[in-house]
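One structure below.
The values are calculated or read from the model by the stated rules, or taken from the named source; none is laboratory data. Worth saying up front: this structure is predicted, and the values here are computed from it rather than measured. All Cβ positions, even for glycine, are placed from backbone atoms using ideal geometry, and neighbour counts span all protein chains on display. All accessible areas refer to the heavy atoms of the entire protein, side chains included, with ligands and DNA or RNA removed. Shrake-Rupley method; radii C 1.70, N 1.55, O 1.52, S 1.80 Å.
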Amino acid sequence: MTKIGVLYGMEESFPPALVDRINGMGVTGVTAEHLHVGSVQMAAHSGYDVIIDRISHDIPFYRSYLKNAVLTGTKVINNPFWWSADDKFFNYALASRLGVAVPPTVLLPHKQHPAGTSEKSMRNLEFPLDWDAVFQHVGFPAFLKPHDGGGWKSVYKVDSPQELFAAYDQSADLCMTLQAAVQFEEYFRCYVIDQKKVHVMRYDPGQPHHLRYVPGNPPPATVLGQRMVDDALTLCRALGYDLNTVEFAVEDGIPYAIDFMNPAPDAALESVGPEHFRWVVDAVAQMAVDRALAPAEIPPYHWSQFLAPSRLKEIVP
C-alpha cells in the first residue's frame, strides 16, 4: 500500500479535508492519513511514500524528521532542505534576476546583536550605515519587515526616516528588509500547486484576516491575469516549491511580486472561503496522488551523488 501522510499543527479544516479527498478519490493502492511520528531512528524509512508538510517551519523536530525522510526515499512537499535555507530577501533578488517585477529592497543589519554575539561579532559591518543611500534607493513610503518572516508579523509601514528609525528600534535582533511600498490599485494572492496550476484570488490585505479574500473573486484583466500566472509559475519553478502562494500588488498595470515565500500557505475554510478551499484541496490532493504513483527517485541535491541507491551499495556494508 502506498501511503500519504499529512503533517500539520493548529489547522482544523484543511488537513482532514485533504485526507478525506485523497481517500475519496478511490485510487487503488493509495491511502492517506494524519501522520504519526514518535522518536526517529537515523536513516530509517518514515513509513510514508509522500508527506505533505504544513508545520515544520515552526517545529525543528519535524524539520529534521522530514530531512531524514527525504534521505530514505520519501517525497516531501515542500522540499525541507530548500525551505530551511530560503529567505525573502533572496527571493526578491532572484525575482529581479528572473525579470519579475519587485519593489526596490534593501537588507539591513540587526538593530540589536543576536543572542550570543557582541560588537566584535560585527566588526566587518560598516558603521555608521549609509542611510542616505538606503533612502535614495528605496524611497518613502516603505515597509520594514523581517527578511524571513511571515503572517504580517513585525511589519511596519514607514513614511519618513524618523518613522523608519522608530520602527527599526522595535525590531530588536530580527534581520529586516526595507522595501518600497507599492501604491496598489489591485491586489491578488495566487495558489501555485505542483509548479503547474495557478489559482488567482482577489485579495484585500487591509481587511481583517477572515475578510481579505474578496467575495465573488472578480477576475483581473486578461493580460494582467496571464502575466501573474506566468510570473507565479516562473518564481515557484525557480524556487522548487510545489505548494506556495504568490502575492502581487498592482500599480499602473504592473504586478509587483510582494510575497512568495509561503510554502505552508493559508488554506483554512474559514478564511479563504468555500470556492478557494475546494480548489486548493482538490489540487493538492491530485498532486499528492500523482507523486505517490510516480517512480521513486533521489532528488538532485548536491549530496545526492553519495546517496543514490547504486552509490549506497558501494559505501554501506
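Below is a table of values for the structure above.
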item: Option label - Cα Rg over 2.2 N^0.38 Å computed here, alternatives (i) 1.09; (ii) 0.92; (iii) 1.76; result: (i)
item: Chain lengthening between Arg237 and Asp173 when straightened (0.36 nm per residue, less Cα-Cα); result: 19.8 nm
item: Nonlocal amide H pairs with Ile51, under 5 Å, H built at 1.01 Å; result: Gly5, Lys75, Val76, Ile77
item: Nearby lysines by direct alpha-carbon distance to Lys111 (threshold 16 angstrom, same-chain neighbours under 8 apart not counted); result: Lys120, Lys145
item: Accessible-area order (highest first, 1.4 angstrom probe) of the listed residues Trp131, Trp82; result: Trp82, Trp131
item: Helix axis angle, 14-24 relative to the chain longest principal axis, alpha carbon, degrees; result: 30 degrees
item: Residue-span extension gain [His113 to Ser84] - 0.36 nm each, minus C-alpha spacing; result: 8.2 nm
item: Calculated FRET efficiency for the pair Ile59/Ala268, C-beta based, R₀ 22 Å, to 0.05; result: 0.70
item: Built amide H within the under 5 Å cut-off of Tyr213, gap 5+; result: Asp204
item: Sequence of Lys3, Lys88 from largest to smallest accessible area, 1.4 Å probe; result: Lys3, Lys88
item: Relative contact order (%) - the chain, alpha-carbon pairs under 8 angstrom, separation at least six; result: 19 percent
item: Accessible area, probe 1.4 Å, largest first, for residues Arg189, Arg237; result: Arg237, Arg189
item: Full-extension gain in nm, Arg278 to Val214, via 0.36 nm per residue minus C-alpha separation; result: 21.4 nm
